[in-house]
Amino acid sequence: MSTATPVAPSTASEISLVPEQLYSIERAKFAENFNRRPFMLDHSLSGHPAFTMDRLHTLLERSLPIPNKVYWNAGKKRIDQRWSDRPGRDFSIEEAFRRIRETDAWIIIFGADRDPEIHDLLEKGLAEVQEMTGIPLSKEAKSRQSIIFITSPHRITEYHIDKECSLLLQIHGKKTIHIFDQNDREVLTEPELERFWTVDNNAAIYKKELQGRATSFVLEPGKAVHIPINAPHWLENGDDISVSINQNFEYKNDKLANIYRANYYLRKMGMTPLPPGRSRLHDRLKGQGMRLPVALAREARELKEKVKGQG
Ligand SMILES: [Fe+2]
């Protein structure tokens, strides 16, 4: 990978670093499959100077003082390990980055679009996604994020599900992502979904015997993959360092999440709740019933963050 620091243009208008088109795919295919099933597409960011190791290092340094903008761990990981199971590490994140070839590290920079150039690139990507899907994501998404993953050779990213739907763009290196159908209730059970939406980000349990049901995509520079909400996935990196960007969207509509939350508590009380989609009445009651507790919990969380920030 090039480590040369690109010379930034003196004015934005001098050189346009935003490509004319970021994503290349048949529009109808994109619209038909978006947030329904995974698919691959091409992107034009792999050689972009915003993503050299020097630029990423600067972004990392600027992100470190900001709370919750960087996550990392290092060491050998298994597919079925929990996020919280961090293998021992006796070095800093700076060292993990500097020696990324040998530290078995996984470094995540959240909100990478704080870099104005990355911001412009991903805004362009968002505009194209909106245009292709007809979904006004800038209004309908509760949040949208740009995340950069920097990963050591052969490192595994554990099996998990996300609450966002995303596009994962490979910038450097080669890795394989295995994605399962989010609607396969043997792969991803109702209780796992209920726990995920209520209490445990790591609730999805990897079932080795069902690995054959995954679709595997090989990501190389210039390739991207779409991951629908809750589609279980895990990744394995190739021989080189991997750099990828995740552009994701979390929908505003909390209805389904609230049904899963209600079902979580009903199951805790010994009942076998109806999964969402079986009864319109049940779904409505559960969705409405959870609205207040969820709002209160959110408020309490925000207050806690505020107090922490002042402390
Ligand atoms: Fe993920």
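The values are calculated or read from the model by the stated rules, or taken from the named source; none is laboratory data. Only a predicted model underlies this, so the values are computations on that prediction, with no experimental measurement involved. Neighbour counts run over all protein chains shown; Cβ positions are idealised from the backbone, glycine included.
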Check: Within the set of pairs 6 or more residues apart or between chains, which connect a residue that is touching a residue at least 12 places away in the same chain (Cβ under 8 Å) and in the same structural domain as W234 (by TED's automatic domain parsing) inside segment 79-96 to a residue that is surrounded by 16 or more Cβ atoms within 10 Å (Cβ to Cβ) and of a type in the set (D, E) with Cβ atoms less than 6 Å apart?
Finding: Q81/E158
Notebook entry, point to check: Give me the pairs: first residue in segment 236-249 and in the same structural domain as I107 (by TED's automatic domain parsing), second residue of a type in the set (K, R) and within 13 Å of the ligand (Cβ to nearest atom), beta-carbon distance under 6 Å, and six or more apart or on different chains, which are they?
Noted result: N237/K175; G238/K175; S242/K175
Check: Looking at (1) at pLDDT 95 or above; (2) more than 14 Å from the ligand (Cβ to nearest atom); (3) touching a Pro at 6+ places or on another chain (Cβ under 8 Å), which is the one condition that is false for K124?
Finding: (1)
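Within segment 83-114, how many residues are in a loop (DSSP other than H, G, I, E, B) and small (G, A, S)?
So in segment 83-114, the residues in a loop (DSSP other than H, G, I, E, B) come out as 83-92, 99-104, 110-111.
If we keep only those that are small (G, A, S) too, we end up with 84, 88, 92, 111.
The qualifying residues number 4.
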Next item on the list: Please go through segment 215-231 and pick out each residue that is in a loop (DSSP other than H, G, I, E, B) and closer than 23 Å to D104 by Cβ.
Entry: E220, P221
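Of the residues I259, I227, which is surrounded by 16 or more Cβ atoms within 10 Å (Cβ to Cβ), under 25 Å from the mean Cα position of the chain (by Cα), of a type in the set (A, V, I, L, M) and over 21 Å from R37 (Cα atoms)? Please lay out each step first, then the result.
Numbers: I227 fails: over 21 Å from R37 (Cα atoms).
Only one candidate passes the filter, namely I259.
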Check: Between a first residue in segment 187-216 that is closer than 23 Å to F39 by Cα and a second residue that is among the charged types (D, E, K, R) and outside any helix (DSSP H, G or I), which pairs have beta carbons less than 6 Å apart while being 6 or more apart in sequence or on different chains?
Finding: Y206/D80
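Identify, please: which residue in segment 58-74 is among the β-branched types (V, I, T) and not in a strand (DSSP E or B) and is, among those, nearest to the chain's Cα centre (by Cα)?
Of segment 58-74, the ones among the β-branched types (V, I, T) are 58, 66, 70.
Then keep just the ones that are not in a strand (DSSP E or B); that gives 58, 66.
Working: T58: 22, I66: 20 Å.
Among them, the one singled out is I66.
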